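Trainee: Let me begin by handing over the structure; questions about it come next.
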Amino acid sequence: MSDRGLLSSKSMFPPVEGVVLNAVCVLSAGDITQKGYEKKRTKLLGSVSPPHTHTQNGDIGTFVRAWEERNTERGKPNEAVQAALAKHKEEKMALPMPTKRRSTYVPSPVETRTPPDSSSGSDDDGSLRRRSSAGPPPAPPSGLLLPPAPPGAASPQSPDCWINRSVQGSSTSSSASSTLSHGEGRPLPQGLPPPAQAPPPQAQPQYKPQYQPHTPETLWWSSPRPPTCHTHPTSAPESLCVCVCVHGLLLGVPVNSRVSTKIQQLLNTLKRPKRPELSEFFTDDSEEIVEVPLPDPNTPKPEGRQIIPVKGEPLGVVSNWPPALQAALARWGSTQAKSPALTALDITGKPLYTLTYGKLWSRSVKLAYTLLNKLGPKNEQILKPGDRVALVYPNSDPGMFWVAFYGCLLAEVIPVPIEVPLSRKDAGSSQVGFLLGSCGVGLALTSEICLKGLPKTPTGEILSFKGWPRLKWVVTDSKYLTKPSKDWTPHVPTANTEPAYIEYKASKEGTVMGVAVSKVAMLTHCQALTQACNYCEGETMVNVLDFKKDIGLWHGVLTAVMNRIHTISVPYAVMKACPLSWVQRVHVNKARVALVKCRDLHWAMMAHRDQKDTSLASLRMLIVADGANPWSVSSCDAFLNVFQPNGLKAEVICPCATSPEAMTVAIRRPGVPGTPLPARAILSMGGLSHGVIRVNTEDKNSALTVQDVGHVMPGALMCIVKADGPPLLCKTDEIGEIVINSRAGGTMYYGLPGVTKNTFEVIPVNSSGAPIGEIPFVRSGLLGFVGPGSLIFVVGKNEGLLNVSGRRHNADDLVATALAVEPVKTVYRGRISVFSVTVFYDERIVIVAEQRPDASEEDSFQWMSRVLQAIDSIHQVGLYCLALVPANTLPKTPLGGIHVSDAKQFFLEGNLHPCNILMCPHTCVTNLPKPRQKQPVGVGPASIMVGNLVAGKRIAQASGRDLGMIEDQDLIRKHLYLSEALQWRAQTDPDHVLYVLLNAKGVAVCTATCLQLHKRAEKIAAALMEKGSINTGDNVVLLYPPGIDLIASFYGCLYAGCVPVNVRPPHPQNLGATLPTVRMIIDVSKAACILTTQNLTRILRSKEASASVNIKTWPTIIDTDDLPRRRLPQIYKPPTAEMIAYLDFSVSTTGMLTGVKISHVAVSALCRSIKLQCELYSSRQIAICLDPYCGLGFVLWCLASVYSGHQSILIPPFELETCLSLWLSTLSQYRIRDTFCSYSVMELCTKGLGTQTELLKARGVNLSCVRSCVVVAEERPRLVLTHSFSKLFKDLGLSPRAVSTAFGSRVNLAVCMQGTTGPDPSTVYVDLKSLRHDRVRLVERGAPQSLPLMESGKILPGVRVIIVNPETRGPLGDSHLGEIWINSPHNASGYFTIYGEESLQADHFNTKLSFGDPTTLWARTGYLGFVKRTELLDAAGDRHDALFVVGSLDETLELRGLRYHPTDMETSVSRAHRSIAESAVFTWTNLLVVVAELGGSEQDALDLVPLITNVVLEEHHLIVGVVVIVDPGVIPINSRGEKQRMHLRDSFLADQLDPIYVAYNM
């Protein structure tokens, strides 16, 4: 640095470390007197006093010159926007590739302790982080030499010295405050600079490059200082304190205190106890999940000195100022009774009535008397002084409000003005109820007309609004008021600290709180406004603002009465009808002052061409209430350009900054004609987003032009502190929150002491963490800085602050940019809402605007994409969501603004109903975890197997009990084949009913005894021999609806020596979709013949069928309805049991059609296993409500009864569509103990009968007989559905233990089934994050990111299960995730393929472990799962091994190197909104596609897009690429209730879904 003309820290200061350490030891040695202390300190620190160099003060000059050079440019945002968009056009981004911007978000490391609580009550530890992480400050710009403090002056680094001097011993009492505000405290010591003080309002500051050293504008840069210590001059005044810093350790003691450092430290410790850190109670794992971007070295940091508080001019004392505001009204009411106080306008803008000061006084007195004496029965007093009363008056009736407000003041009750409730659904209505409740309001004053207009119940009573307390309504029209007796006069005390009125304030979250304003604050504020605005008696004022709060109340109702001003109130309704009405009122009444918002300026300009002869020459002040907004500059300039020919003078425009808590913070004083206008600040958007002030010199596009809001109010003291965390004083070039100390400000949030402390009792602290004084400041909620000449600049509000990736953006700035994008005709100018939602550990920006009805879809999308580009280019931030809603649908505030917190709530709840939406998560979500890099797989030493252990853990294997010889030993020995078993049953027990088929009415339409089934099978076998010309071993397709014909045909094929292939028949109403699948199975299986019914034969040969398939090439079709009675000469017996019994064809969830070969030995073993597990005997009855076409459903429907002899009651699932209660009624009617169903049946009952349990109970449905209800599936158990089913039908007697699941796969049709004995199914909770990494981590119930998994039933007898690493093929340990492998006598023999893919056969059906047990042959299920040994005992008394199925390997989605199970994402999506009936996910070119079925109305469709994107990002850390909203029933589901995601994907790519809406989140 020294080579650039700057003094380095080494050349400026001698090494001080040793001296400082010595000083610390000596000064903390013990109690010494003040004089002795000073002597020692001077001696010790004399050697380290900095040399006094004098340099030119040139830093701020550069800053101001830049301001003045750019002042002529008006900085309209649309120019910047056009340039930004042009730049984007040149770049031509290649959509839809997602782009990632490098983020500047750098979270600080979490310290191991929290700092002591400051006296402001703030718990944030930000200051500690800033101190600990701060290195040496940056040097000033090249060429600048800054002087150290002159001799005898306090170091500029410690404004606490100055503030301690100025407020020594002061309290918050009025006398002390007035002494301070008038500057009559202790005289300034020689050499110490006076506080920064605003110049008097008459003289506008002349801007020059040089400034006096004491004003805040010299503080933009800091002088270099050594990192180890703060130095202080040797001759300091007695009230200064010394602060020595050694390696970050701060030791300080005020010189005038009589105690030692040690005692002072002890006192400080006791005063501010440490709090336990949050992490002791809860550990958040966001550090593991979120990627922390690297810090950007180019991030601008504040370089200035610490700011010095700014003091307003003294509040003058005028002899005739009243002792209270009521006294002023009494004075004017008696001495100037005919003087006009208020003129109200009608809807056309013409004067309706004028209220004189005499009438205002007399009516207010009458109301006060009525309130205190005439409300209760028998004139009992029900209101006492200090009670709170709601004022409910419409904006069109200011006169009634004035009377009510002053009546309350005279009665000494506290008015709480609120908006008129129009309906129960008013925006923020329930929050107003919270305000009334917190203020303890029980009485509401209103006018007769307003009362009649309030919403009523049918009985005529006023509606009780949501969240409101019970209110007594009192009408205050004159005819209902009582004239007071002659001896009664209202009590008018001198203004004191008791509350005068309560003004409501809505927070960022929408909470409405009441700011209490004391009587003295109300009066002082009126005095300060009178002085600042130079109000005179008898002036005329036009008020367009809301008179119930803020500037409209402070100027138009309170200060106006104090100065006998005539106020003309222009209601909002008049402004809507005639936007120029306020300008006309100024012209007609020659008004001197007008109170407006930028909106009113804009409306007046739009309507200006209608009237050209209006004059604004009489105006001396045009007070712009929202002059602190970024777009106010362009509004004020444009209004001035239009109305300058009408006599409007530039110097009368007076922007101001206000907040409910601090009231008026600053206001630009009316200027003297001819003086130059104040300069504007042209700031860098990039700097602002990092909270620092940088003059924009390079890129015009990213500049923000802001105008000043004048000087601090008279009698006020102002600081700028950090907006978040402890109230640390900002540096001079840093944006912070404005805090005010003044008698004219709010005192508390009424009834909310906790929140009050953090806002109204803030004591700023300096960089060392020491309070700068004892007087409390009030947080204003405004963000800004102090410019040259002590001018205040506001750049935003705390509540409009959006913290995105460590950078702060202002909602108003974003609105200004969006509105500058052409064509504005797409949206309404004033109806735009910007807010942030927290998604995945960061805030995301959402913009919602109202679309004009005439805007086309194309225009809207063009505008939206241009807004995205403009905001990205100008603000360097990505938008998360941009939504357009129909006109007049955003929640409104009573005066037409947008209710932002309600709009945000609607967005998050899915009640916004957009008509266009654009989601851009790819550009703004930059903190996703890094994609996982898969490690090379090898069998390492950790997998070494010792006995039954893998890497120290028990091998994850389990088995069912032995499949020994069971009771029917003769049957097993003699009849190895099912065909023989049926013959044997037909001989030994011919009349035993095996099957009962029910119709929709629950009536048995068909039964089959053993003999009937045998005879029917013989007839079909004979027909096959004759008509089909079948050879032994040929494949025969069975095409039947669920019923007994299907069973007979199956056994007919076995009798004839054929191989049956069971196929689901085509749906008559949907042949185009279902017939090709039938044709495919027939072709793949090489079927020689088709057995079917007469009806289906007609369909197969119909004209409709010919549209989908070639009907001329069907194999032989045999109609089995009316076959002649023929005896089969000989029933076929297979030579070996290894021969194929039947083929089982099924379409998997991934869309693969697979047929597996089931041998006779497998059929026999499977039936025996089921018989043993479920204890099935001839005397048993079971009910089956399953599709009988494949897997375990087919086995239970066709095979199990013939083998075990039990009776099966068959309920075709399609009959439930006609009669939902059929299945449950059957269970009750037949007293069924065991039943089998599918998930689709259970879902039908849950959704359709959930609300009808009482009706079913009345019909006598009783499910207490059900011992086991088994859901047959080839997937992970659906825990939510089974639990819902159990809970819903618990009232019908269903035992919660009854419901369980079975699990099968293609290679083994039944692996698990709960059965009748053994422990209940166990449930575990696993960590979802670990699951994505192919690991199982068991967690407690309720843990974040936990997934409940239920055991898939008990493993069947004869089945062995082992969990294997699918890549290394080595066995895994207990509770490890791997592929489930099966060894069982009822495994399938292999795939049935045309070309015989032997490698696939060997891999899936006859595979071996890579180590451990290399001889056993296993079948691979293709499902991931794990085995866990539980504490439960099985029937044999051993500990039970539970098998948990996680999901199919083929279905999993590999995204970002992690494995996701679609069902987990679909569960999250279905939870996102009540209108999502069903959902499915799949991937398309590395993009995640979510398809959601819309169960509600179509206006909900676009609401789902952001909610789906949010929930997948939050819970699964993935960005959804495409969201498709479709009608119910579009997602294809197979007979087992499983989603066919690949079919859905194919339909999506072929554009066959006919979606309601497709959102591309790119």
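Trainee: Which three lengths, in whole Å and largest first, does the range 1114-1273 cover when its Cα atoms are put on their principal axes?
Mentor: Extents along the principal axes, in whole Å: 57, 38, 37.
Trainee: Under a no-solvent Debye model with one identical scatterer per Cα of the range 1099-1138, what's log10 I(q)/I(0) at q = 0.23, 0.30 Å⁻¹?
Mentor: The Cα Debye sum returns log10 ratios of -0.83, -1.06.
Trainee: How much net charge surrounds ILE1131 when only other residues with a Cβ under 11 Å from its Cβ are counted (Lys, Arg +1; Asp, Glu -1)?
Mentor: 0
Trainee: Tell me the per residue accessible area of the range 1427-1506 using a 1.4 Å probe; a whole number in Å² is fine.
Mentor: 37
Trainee: Now a separate question. Give me the three principal axis extents of the range 1182-1323 from the C-alpha atoms, as integers in angstrom, largest value leading.
Mentor: Per principal axis, max minus min of the Cα coordinates gives 44, 33, 27 Å.
Trainee: Let me ask you something else. Past 25 Å, Cα to Cα, is the threshold; run LYS466/LYS904; LYS374/LYS479; LYS597/LYS649; LYS472/LYS597 against it and keep the listed order.
Mentor: Flagged as over cut-off: LYS472/LYS597.
Trainee: Whole-Hz Karplus ³J(HN,Hα) for the range 1406-1411, in order, using 6.51 cos²θ - 1.76 cosθ + 1.60 and θ = phi - 60°, x for Gly and Pro?
Mentor: Coupling constants for the range 1406-1411: 9, 10, 10, 5, 6, 7 Hz.
Trainee: With the alpha-carbon atoms as the only input, what is the per residue convex hull volume for the range 619-753 in Å³?
Mentor: For the range 619-753, the hull spanned by Cα atoms encloses 150 Å³ per residue.
Trainee: While we're looking at this one, here's another question. Could you give the C-alpha radius of gyration of the range 1157-1219 expressed as a fraction of 2.2 N^0.38 Å, taking N as the number of residues it contains?
Mentor: Computed over Cα atoms of the range 1157-1219, the ratio equals 1.17.
Trainee: Averaged over all directions, how much area does the convex hull of the C-alpha atoms of the range 537-610 cover when projected, in nm²?
Mentor: 4.6
Trainee: For the range 1018-1150, what are the per-bin percents of Cα-Cα distances with bins 10 Å wide, up to the bin holding the maximum?
Mentor: Taking every Cα pair in the range 1018-1150, the percentages come to 12, 44, 33, 10, 1.
Trainee: Using a Förster radius of 45 Å, what is the FRET efficiency between HIS992 and SER1106 based on their Cβ-Cβ separation? Nearest 0.05, please.
Mentor: The pair HIS992/SER1106 has a calculated efficiency of 0.50.
Trainee: Here's a follow-up. Once neighbouring chains are kept in place and the probe is 1.4 Å, which whole percent of the accessible area of the range 507-601 is contributed by carbon and sulfur?
Mentor: Taking all protein chains in place, the range 507-601 shows 48 percent carbon and sulfur surface.
Trainee: 5 Å is the cut-off here: which amide hydrogens, built 1.01 Å from N in the peptide plane, fall below it relative to TYR995, excluding neighbours closer than 5 in sequence?
Mentor: ALA1008, SER1208
Trainee: Shape verdict for the range 1344-1484, please, from the Cα gyration tensor: rounded (a/c under 1.5), prolate (a/b greater than b/c) or oblate.
Mentor: oblate
Trainee: Going by average Cβ neighbours within 10 Å, how do the peptides 344-352, 722-730, 894-902, 1105-1113 rank, with the highest at the top?
Mentor: Ranking, from highest mean packing down: 722-730, 894-902, 344-352, 1105-1113.
Trainee: Still on this structure, I have one more. With a Cα-only, solvent-free Debye model of the range 806-890, what are the log10 I(q)/I(0) values at q = 0.25 Å⁻¹?
Mentor: Values, matching the q order: -1.31.
Trainee: In a shell of Cβ-Cβ distance under 10 Å around MET400, excluding MET400 itself, what net charge do Lys and Arg (+1) and Asp and Glu (-1) give?
Mentor: -2
Trainee: Modelling each spin label as a point 7 Å along the Cα-to-Cβ direction, I'd like the ASP1438/THR1393 distance in nm, to one decimal.
Mentor: Placing both labels 7 Å along Cα→Cβ, they lie 3.6 nm apart.
Trainee: Looking at this model, which pairs from LYS452/LYS549; LYS425/LYS576; LYS452/LYS892; LYS301/LYS892 are more than 30 angstrom apart at the alpha-carbon?
Mentor: LYS301/LYS892
Trainee: When you count, for each residue, the other Cβ atoms within 10 Å and take the mean per peptide, how do 1262-1269, 510-517 rank with the highest first?
Mentor: Those peptides, ordered most packed to least, come out 510-517, 1262-1269.
Trainee: Still on this structure: When the scattering of the range 1448-1536 is computed by the Debye formula from its Cα atoms alone, each counted once and equally, what is log10 I(q)/I(0) at q = 0.20, 0.22, 0.23 Å⁻¹?
Mentor: -0.91, -1.09, -1.17
Trainee: Please state the charge dipole magnitude for the range 1204-1362, taken about the Cα centre, from unit charges on C-beta atoms (+1 on K and R, -1 on D and E), reported in debye and rounded to the nearest 20.
Mentor: With Lys and Arg at +1 and Asp and Glu at -1, about 320 debye.
Trainee: Name the long-range amide H neighbours of ILE693: under 5 Å, sequence gap of 5 or more, or other chain; modelled H, no Pro or chain starts.
Mentor: Long-range HN contacts for ILE693: GLU734, ILE735.
Trainee: Also: Quick one: divide the alpha-carbon radius of gyration of the range 454-570 by 2.2 N^0.38 Å and tell me what you get.
Mentor: 1.36
Trainee: Please sort 616-622, 1195-1201 by packing, taking for each peptide the average over its residues of neighbouring beta carbons within 10 angstrom, highest first.
Mentor: Descending mean neighbour count gives 1195-1201, 616-622.
Trainee: Using Cα pairs under 8 angstrom and six or more residues apart, how large is the relative contact order of the range 1270-1424, in percent?
Mentor: 20
Trainee: Here's another thing I want to ask about it. Provide the net charge surrounding THR889, with neighbours chosen by a C-beta distance below 11 Å and charges set as Lys +1, Arg +1, Asp -1, Glu -1.
Mentor: The answer is +1.
Trainee: Could you please state how large a percent of the accessible area of the range 840-903 is carbon and sulfur, counting protein chains only and using a 1.4 Å probe?
Mentor: Looking at the range 840-903 in its full context, I get 46 percent from C and S.
Trainee: In the range 442-485, carbon and sulfur make up what percent of the accessible area (probe 1.4 Å)?
Mentor: The computed percentage sits at 57.
Trainee: Explain nothing, just compute: Karplus ³J(HN,Hα) = 6.51 cos²θ - 1.76 cosθ + 1.60, θ = phi - 60°, for every residue of the range 579-594 in order, whole Hz, x for Gly and Pro.
Mentor: x, 8, 4, 5, 5, 5, 5, 4, 5, 5, 8, 6, 5, 8, 9, 9
Trainee: Next question. What residue among THR1467, VAL1524, VAL1445 has its Cα farthest toward the positive end of the dipole of the range 1437-1540, where the charges are +1 on Lys, Arg and -1 on Asp, Glu, each on the Cβ?
Mentor: VAL1445
Trainee: Only Cα pairs under 8 Å and at least 6 apart count here; give the relative contact order of the range 766-841 as a rounded whole percent.
Mentor: 18
Trainee: Turning to a different aspect of this structure: Where the only charges are on Cβ atoms (+1 Lys, Arg; -1 Asp, Glu), what is the dipole of the range 520-673 about its Cα centre, to the nearest 20 debye?
Mentor: That gives a dipole near 200 debye.
Trainee: Moving to a separate point now. What is the mean projected area of the alpha carbon convex hull for the range 750-844, to one decimal in square nanometres?
Mentor: The directionally averaged projection comes out at 10.7 nm².
Trainee: Based only on the alpha carbon positions, what is the Kirkwood hydrodynamic radius of the range 323-377, in angstrom?
Mentor: 12.6
Trainee: Is the C-alpha gyration tensor of the range 1094-1167 telling us rounded, prolate or oblate? Criteria: a/c under 1.5 is rounded; beyond that, a/b larger than b/c is prolate, otherwise oblate.
Mentor: Oblate.
Trainee: How far, in nm, would the chain grow between ARG829 and TRP321 when pulled straight, counting 0.36 nm per residue and subtracting the alpha carbon separation?
Mentor: That pair, ARG829 and TRP321, stretches by 178.5 nm at full extension.
Trainee: Rg/Rh for the range 1277-1380 to two decimals, with Rh computed the Kirkwood way over all alpha-carbon pairs.
Mentor: Looking at the range 1277-1380, the ratio lands at 1.00.
The values are calculated or read from the model by the stated rules, or taken from the named source; none is laboratory data. Keep in mind the model is a prediction, meaning the values are calculated, not measured. Neighbour counts are summed over all protein chains in view; Cβ atoms, including those assigned to glycine, are modelled from backbone coordinates with ideal geometry. Accessible surface is based on the protein model in full, side chains and every heavy atom, while ligands, DNA and RNA are left aside. Shrake-Rupley method; radii C 1.70, N 1.55, O 1.52, S 1.80 Å.
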